[in-house]
1. Hey, ALA172 hits all of (1) closer than 14 Å to ILE250 by Cα; (2) modelled with pLDDT of 95 or more but one; which does it fall short on?
2. Being polar (S, T, N, Q) and surrounded by 21 or more Cβ atoms within 10 Å (Cβ to Cβ), is that true of even one residue in segment 236-249?
3. Search segment 350-371 for residues being buried (at least 24 other Cβ atoms within 10 Å of the Cβ) and of a type in the set (S, T, N, Q), and hand back the single one that is nearest to ILE287 (Cα to Cα).
4. VAL166: hydrophobic (A, V, I, L, M, F, W, C) and surrounded by fewer than 15 Cβ atoms within 10 Å (Cβ to Cβ), yes or no?
5. Report yes if some residue within segment 316-328 is surrounded by fewer than 18 Cβ atoms within 10 Å (Cβ to Cβ) and either modelled with pLDDT under 95 or in a strand (DSSP E or B) (or both); otherwise report no.
6. Can you give me the ranges of the strands (runs of 3 or more DSSP E) entirely in segment 251-304 with at least 3 residues that are aliphatic (A, V, I, L, M) and buried (at least 17 other Cβ atoms within 10 Å of the Cβ)?
7. Starting from segment 338-365, keep only residues that are under 14 Å from SER90 (Cα atoms), then list their pairs with residues that are aliphatic (A, V, I, L, M) and assigned to a helix (DSSP H, G or I) whose Cβ atoms are within a distance under 9 Å, requiring at least 6 positions of separation or different chains.
8. Filter segment 336-349 for residues that are surrounded by fewer than 23 Cβ atoms within 10 Å (Cβ to Cβ) and in contact with a helix residue (DSSP H, G or I) (Cβ under 8 Å, 6 or more places away or on another chain); which is nearest to GLY46 (Cα to Cα)?
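The values are calculated or read from the model by the stated rules, or taken from the named source; none is laboratory data. Every value quoted in this text rests on a predicted model; they were computed, and no experiment measured them. FYI the Cβ positions are ideal-geometry reconstructions off the backbone, even for glycines, and counts take in every protein chain you see.
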Amino acid sequence: MALASVVVTMFAAASTSAAPSAAIRADVTAIAPAAAAAPSSSSEPGLRVFKINGRRFGVRRVVHVLAFSGPRYTVKIGLAHHAIDGGRQSPGSMCQSTVGCVAAVNGDFFDLTPRGIPDPADEVGGIIQDCVLLHTPEISHQQADLVGQSVSGGLNWSSTVDVNGVNVPITAINQELPMSYVGVHLPLAGTLLFTWPYALPTPSAPGRITDEFTPVNGSPSPTTINTTAELVLTAQTSASVKVTAGLVDISAPTGSALATVPVGDSVTLTTTSTSGCDNIGGHPILIDHGVARPIVAADTYMTKPAARTVIGWTATGETVIMTVDGQDGVSGATASQLVRLLRSIGVVTALDLDGGNSTTFYAKGRVLNRPSHGTERLVSTALLVVHNQ
């Protein structure tokens, strides 16, 4: 289908007479009046997938858009093989294995270490899923609150262990430390918390010890935000271990108050966050409450064209997911072009997600876009559009 036209494709779950919302309808009408259907008579709009013409914004590759509003659909975070670190899976397969999933795109950035090193996909940003803090940001990373429909400069979180009145702050949750890849070098330091099934093996290093805890029956799940869980120490080890199902492992310096806890004693773990119950990272914030964020010239990833994946919202609360096909540095969209594309369909808040080879638009049981390498890339996370049963 030529980009000069706009095609609106309805999912079977939606009304066959449904049309784009007012925000999106204006742009659809401007590009292809004949394609704009009459407004739906349904009080709950369905989910729509369509293409828009990017040529007037200097974008000559295909632009796919998914949009919905109302309670019928929800954006959920998909984890590759249910593992943040070390997991890689295509967005399509994540969708296929999730009950009610009707569409998927790739999620946050992830790093790939050299072949032969067992860390194929280490997530970069923070993740809160179903009110549980699963992963803390490795580096300063922008975030999107999927329920609150807002963006922020970072994940707001705090986690501390109370050991007989001594508060021990947690440095990182379900994050591999130390780590080293292009532009990022984080040392092994502080107190690290690991939960099942998302953790890598706990670190083993001189001067560190790992405490293994069992949550007390009736306590909230560890790292559930804005709660306090009681944990009982069951074992201590200086070896590298993977967390056993139902346990919590905390790696800390031997001089920490945690090292003094006898087996059988209990501590409390308090985790707080104002970032909402479903939050994922990305880079950068493109628009915030209608204001385009400036892009620094040194950020060549955004100043040069590339394939893109974006999550955003209109002023009326409609969720919009957009992908742009392309090749890094050759074709696709720059940050400024993305902003113009998003504004043309009424988006007032948006975060750029992983792009390039990762950009995938899966819907209606197949990949609708043309990924840079011809097939879906295996990624660490995805955004899944799920029909609420």
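1. Of everything listed in (1) closer than 14 Å to ILE250 by Cα; (2) modelled with pLDDT of 95 or more, ALA172 misses just condition (2).
2. Here is the first cut: in segment 236-249, the residues polar (S, T, N, Q) are 236-238, 240, 244.
Filter once more, so that each one left must be surrounded by 21 or more Cβ atoms within 10 Å (Cβ to Cβ): none.
The answer is no; no qualifying residue exists.
3. THR359
4. Details: hydrophobic (A, V, I, L, M, F, W, C): yes; surrounded by fewer than 15 Cβ atoms within 10 Å (Cβ to Cβ): yes.
In short, yes.
5. Taking segment 316-328 and keeping what is surrounded by fewer than 18 Cβ atoms within 10 Å (Cβ to Cβ), we get 316-317, 327-328.
Adding the requirement that they be either modelled with pLDDT under 95 or in a strand (DSSP E or B) (or both) leaves 327-328.
Checked segment 316-328: at least one residue is surrounded by fewer than 18 Cβ atoms within 10 Å (Cβ to Cβ) and either modelled with pLDDT under 95 or in a strand (DSSP E or B) (or both).
6. Numbers: elements: 266-272, 279-282, 285-288.
Of the strands (runs of 3 or more DSSP E) lying wholly inside segment 251-304, those with at least 3 residues that are aliphatic (A, V, I, L, M) and buried (at least 17 other Cβ atoms within 10 Å of the Cβ) span 285-288.
7. Listed pairs, sorted by first residue: TYR362/MET94.
8. Once the filter is applied, the top-ranked residue is GLY346.
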